[in-house]
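Asks: Before we start, here is the structure in question, set down as structure tokens.
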Amino acid sequence: METMFFDGFNDLSRTLLSAPILYVAVILFVRISGKRSTSQMNNFDWVVTVAMGSLMASGILLKDITILESASAIGILLLLQWILTWTMIRSRFVSQMVRAEPTLLYHDDTFLSSAMRRERVSEYEVLSAVRENGIVDLASVESVILEANAALSVVQKSEDKIRKPALQDVHSLKPGALS
């Protein structure tokens, strides 16, 4: 019968030693890799973060994976993420291949049902985002956008002429709609 609660001091001491070492290593790697690795995440940032957690857990709990192997794998992942983001900034093609585009979900008193279905967002979620922004009347909302990081942005209607619209990169916005 396997032991469920205690299997000896060797495994326990390995866990107690490896956890703080890998914790410090992850903090150092994240600090070196920059703010992006802990900012609002796009899909690729999220995948790297989940993979880092898995690699860290493997180094802490699995006997056949050393602390150095786990820390190296985490460092390589962060390096690859840094290379990808560096390339995205310099290459429009790579950026378009990797980065999700913002999607318009509500505009000019209309829920954009096809965009909402495609992005799997309900009217309830759009209305919730409006309320979270302190708005109680949809008539004062120009647009609700699902951002690349999955946040919902709410743009209020304005009487002022907008010279450089922040909505210019939003997918499905009709050309000239902001004029």
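Asks: What do the square roots of 5 times the Cα gyration tensor eigenvalues come to for segment 9-97, in whole Å, largest first, as semi-axes of the equivalent ellipsoid?
Replies: Equivalent-ellipsoid dimensions as semi-axes: 30, 11, 10 Å.
Asks: To continue, here is another question. Could you derive backbone 3J(HN,Hα) for segment 54-70 from the dihedral phi with the Karplus parameters 6.51, -1.76 and 1.60 (θ = phi - 60°), listing whole Hz in sequence and x where the residue is Gly or Pro?
Replies: Calculated HN-Hα couplings, in order: 5, 5, 5, 4, 4, x, 7, 9, 8, 5, 8, 10, 7, 4, 5, 5, 5 Hz.
Values in this text are rule-based calculations from the coordinates and carry no lab data. Computed from a predicted model, the values in this text were never measured in an experiment.
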